[in-house]
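Novice: My structure is below; once you've seen it, I'll send some questions.
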Amino acid sequence: MDLYSDVLVIGNGVAGMYAALNIDSRYKVILISKTKADDCNTYLAQGGISKAKNKADIDLFIEDTMKAGKEKNKIEAVRVLAEESIENINILMKLGMKFDMDGEDFDYTREGAHTINRIVHSADITGQRVFEILFEEVKKRKNIIFYEDTILVDILKYEGICAGGIAIRENEVHNINSKFTILASGGIGGLFNNSTNRRCITGDGIGIALRNNIKVSGLDYIQFHPTALYEEGREDRRFLISESLRGEGARLVNKNKERFVNELLPRDVVSNRIWEEEKNTNSECVYLDISHMNNEFIKSRFPGIYSGCKKRGIDITKRLIPVTPVQHYFMGGIDVDLDSKTSMENLYACGEVSCTGVHGANRLASNSLLEGLVFSRRAAMDINKKIEETSIIKLKQHIDIAEAKAIKETNFKYALEAFASVLGEKKNELINC
């Protein structure tokens, strides 16, 4: 079946939906989701969204981001992120997003490697609320057609130009012809046995890019979050214990209740110290101690973590929280410029599938949702400027369902082999951890 749109967006997390919403409403957008609408990593984000508190904070925000990223960041991309953070939070609020407030100002919190409190949040379910606000707006827009359970298996291309995508939906193959295509398909967590990510997030976009010789970068920049809930024998995704808990004063202790690290150092530093402590004490985990916090504050500030742990038999107002590092985020991806353009004409990439250079070798806490907002909007704005001058290249590229499924498996193989090669000797240790 052939479908036609002005813009095809793959992925309905923050980057995909925000991109679709920023495309001029005169133009038809097809937005597809690999599984159900809320089965995305955006929905899981707990901590919040970084933003410059004001213009005076921009340079310090840039400095914090660069330091956390080991100075491997692209400074021009970091500056864009910081300078456009305030505007995009304001747009999000106009769409209906409500953040926790302290009087007339935001109730800013702090996480690892931030010099000051500059993270806005909605309790500890910020991502869920961002998703809900954007999804409700998507459903209102007459120019956006949304398809769930639709898997992109390849891009349509003509003489090196992206002309849409090939997708499987309801066991049929669809050619989606479009003027512009935005990949916002997420990261790689589903490739790891232990990850905070949805299991469906398996590096599809990276595999497609590699198969089509689209430039990628930073494939070895894989972040491990220091504090996922430790559950023996757990095979599903790991339950995240947000860094914002440490930002509010939670302490990391070993099995002897001894503190062993500054909890607000960058994530890679804290993760490595936890691994060392587990090895030195012959333990499977360490613990977060929040015993000094008021019970009512814990329940109101961290309702998602409180209820999530309670379902698993842990009352965090009474017990130490067992935690351990697991795979969490991917800083590398499809190489893009400041407008999220890839090396292939008419193809853009946003969110975790992309490598803007913002994060360098280690993402600063709560910069992920912000990156999704800032750079997906820049992609949409760039497309809006070009779309009238661009025609749909109608391709009759018919493949059957068996061939489409074979291509899908090849994408997975490409992604897995790519990460196995960059991880080198640590491959089994990291993928199996």
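We did not get these values from a lab; they are worked out from the coordinates using the rules stated. This structure is a prediction, so every number in the text was calculated from the model and none was measured. No Cβ is skipped: glycine too gets one built from the backbone with ideal geometry, and neighbour counts run over all protein chains shown.
Novice: All other residues with a Cβ under 11 Å from the Cβ of ALA19 taken together, and with Lys, Arg as +1 and Asp, Glu as -1, what is their net charge?
Specialist: Working: positive: ARG377, ARG378; negative: ASP382.
So the surrounding residues net to +1.
Novice: Something else: In the stretch 145-268, with Lys and Arg counted as +1 and Asp and Glu as -1 at Cβ, which of these residues, VAL261, ILE222, LEU245, has the Cα nearest the positive end of the dipole, that is, farthest along it?
Specialist: It is VAL261, whose Cα lies furthest towards the positive end.
Novice: Here's something else I'd like to know. Among all the aspartates and glutamates, which ones have a C-alpha under 14 Å from LYS139's C-alpha, if same-chain residues fewer than 8 places away are not counted?
Specialist: Candidates past the 8-residue exclusion: ASP38, GLU148.
Novice: Hey, another quick one. If you build the convex hull over the alpha carbons only and average its shadow over all orientations, what do you get for the stretch 225-327? Give it in nm² to one decimal.
Specialist: Numbers: hull surface 24.6 nm².
Spelled out: convex hull of the Cα atoms, projected over all directions, averaged, 6.1 nm².
Novice: Which entries in the list LYS36/LYS386; LYS34/LYS405; LYS51/LYS94; LYS28/LYS140 go over 21 Å, if you measure between the two C-alpha atoms of each? Each step should come with its number before you reach the end.
Specialist: On the way: LYS36/LYS386 32 Å; LYS34/LYS405 14 Å; LYS51/LYS94 16 Å; LYS28/LYS140 14 Å.
Among LYS36/LYS386; LYS34/LYS405; LYS51/LYS94; LYS28/LYS140, the Cα-Cα distance tops 21 Å for LYS36/LYS386.
Novice: With springs only between Cα atoms under 10 Å, which of PRO303, PRO322, PRO226 fluctuates most in a Gaussian network model of the chain?
Specialist: It is PRO303.
Novice: Go ahead and set up a Gaussian network model of the chain, Cα springs under 10 Å, then flag whichever of ASN362, ASN295, ASN193 fluctuates most.
Specialist: Of ASN362, ASN295, ASN193, the most mobile in the Gaussian network model is ASN295.
Novice: Using a 10 Å cut-off on Cβ atoms, rank the peptides 120-131, 178-189, 64-75, 95-106 from the highest mean neighbour count down.
Specialist: Taking the mean over residues of other Cβ atoms within 10 Å, the ranking is 178-189, 120-131, 64-75, 95-106.
Novice: Give the long-range amide H neighbours of SER354: residues separated by 5 or more places, or on another chain, with amide H under 5 Å away, using H modelled in the peptide plane at 1.01 Å from N.
Specialist: ILE334
Novice: Continuing with this model, one more query. Please list, or write none, the lysines whose alpha carbon is within less than 25 Å of the alpha carbon of LYS257, excluding same-chain residues fewer than 8 places away.
Specialist: Excluding near neighbours in sequence, the set is LYS279, LYS299, LYS310, LYS311, LYS318.
Novice: Based on DSSP, what percent of beta bridges with both residues in the chain are antiparallel, to the nearest 5? Could you put the intermediate results ahead of the total?
Specialist: Values: 36 of 59 bridges.
Antiparallel: roughly 60 percent of the beta bridges in the chain.
Novice: Please turn the phi angles of the stretch 281-298 into ³J(HN,Hα) values with the Karplus equation 6.51 cos²θ - 1.76 cosθ + 1.60 (θ = phi - 60°), one per residue in order, whole Hz, x for glycine and proline.
Specialist: Each residue of the stretch 281-298 in turn: 9, 6, 10, 8, 7, 10, 9, 9, 9, 10, 4, 7, 8, 5, 4, 5, 5, 4 Hz.
Novice: Right, something else. Using +1 on the beta carbon of Lys and Arg, -1 on that of Asp and Glu, and nothing else charged, what's the dipole of the stretch 367-409 about the Cα centre, debye to 20? Walk me through the intermediate numbers first.
Specialist: On the way: 8 positive and 7 negative charges, 21 e Å.
Roughly 100 debye for the stretch 367-409.
Novice: Then there is this: Taking the Cβ of each residue in ARG273, ARG238 as the centre, tally the other Cβ atoms inside 10 Å and list the residues starting with the fewest. Let's see the in-between values first.
Specialist: Working: ARG273 19, ARG238 25.
Starting with the residue having the fewest Cβ neighbours, the order is ARG273, ARG238.
Novice: Need the list of aspartates and glutamates near LYS341 for cross-linking: C-alpha distance under 14 angstrom, and skip anything on the same chain fewer than eight residues off.
Specialist: Cα-Cα hits under 14 Å: ASP382.
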